[in-house]
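Below you'll find the structure, written out as structure tokens, and then a few comments.
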Amino acid sequence: MRILGIDPGFERLGVAVLKKQKGDKKEKILFSECFKTSAKSEFSERLLLIGKEIKYIIKKYKPEVLAIETLFLTTNQKTVMHVAEVRGVVMYEASLAGLKIFEASPPQIKIATTGYGKANKEQVMKMVKVLVNIDNSKKSDDELDAIAIALTASACVRN
């Protein structure tokens, strides 16, 4: 099974594609990145760029599942709305491609990766590095979050 993990954001979008086959002890990272858009661009242009990137990744890596983080409440309503719109673009592209959609909340991701729903970011990042083989020199927090989300889906979704 191939899983596209997304940590949604409009300035930085964490993206990871994991693969796990029966008999594998660990998931394998096929691809990960922190896709960035420029604050100088109009928001609609940023959404277009994100949609094109997701479409390209789906076409290239052929995932079967989209794993995406649900929104968490914050005091900045403008940011929440923009992230919700990014989620919509990503889910739209995944739906067009026929992917199964798996959503997980931050506590669910923490439980799946660390066993503790109130784990801090450092604990999650440490466990992600234990659970999959990662080149530590090039992984941003956004990439690691996307990997954590994909790992959560791998533990919860069956073929």
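Mind listing just one residue for me: the one in the range 20-42 that is out of contact with any helix residue (DSSP H, G or I) (no Cβ under 8 Å at 6 or more places or on another chain) and closer than 18 Å to LYS129 by Cβ and, of those, surrounded by the fewest Cβ atoms within 10 Å (Cβ to Cβ)?
Across the range 20-42, the extreme among qualifying residues is LYS25.
Quick one: is GLY51 touching a residue at least 24 places away in the same chain (Cβ under 8 Å), touching a Cys at 6+ places or on another chain (Cβ under 7 Å) and not in a loop (DSSP other than H, G, I, E, B)?
no
Quick one: which of GLU45, GLU64, GLU53 is touching a Leu at 6+ places or on another chain (Cβ under 7 Å) and either among the charged types (D, E, K, R) or within 25 Å of ILE134 (Cβ to Cβ) (or both)?
On the way: GLU45 fails: touching a Leu at 6+ places or on another chain (Cβ under 7 Å); GLU53 fails: touching a Leu at 6+ places or on another chain (Cβ under 7 Å).
Matching residue, one of GLU45, GLU64, GLU53: GLU64.
Let me confirm something: among ALA67, ALA97, ALA155, which residue is under 22 Å from LEU47 (Cβ atoms), surrounded by fewer than 22 Cβ atoms within 10 Å (Cβ to Cβ) and among the aliphatic types (A, V, I, L, M)?
Every option except ALA97 fails the conditions.
Would you call ASP145 closer than 12 Å to ASP7 by Cβ, among the charged types (D, E, K, R), surrounded by fewer than 17 Cβ atoms within 10 Å (Cβ to Cβ) and in contact with a Lys or Arg (Cβ under 9 Å, 6 or more places away or on another chain)?
no
Look through the range 38-48, keep the residues that are free of Cβ contacts under 8 Å to residues at least 12 places away in the same chain and part of a loop (DSSP other than H, G, I, E, B), and return whichever of them is nearest to ILE6 (Cα to Cα).
Only one residue tops the list, namely SER38.
Rule-based calculations on the coordinates, nothing more; no lab input. Just so we're clear, the structure is a prediction, and the values are computed from it rather than from any experiment. Glycine also receives a Cβ, built like all others from the backbone with ideal geometry; neighbour counts cover every protein chain displayed.
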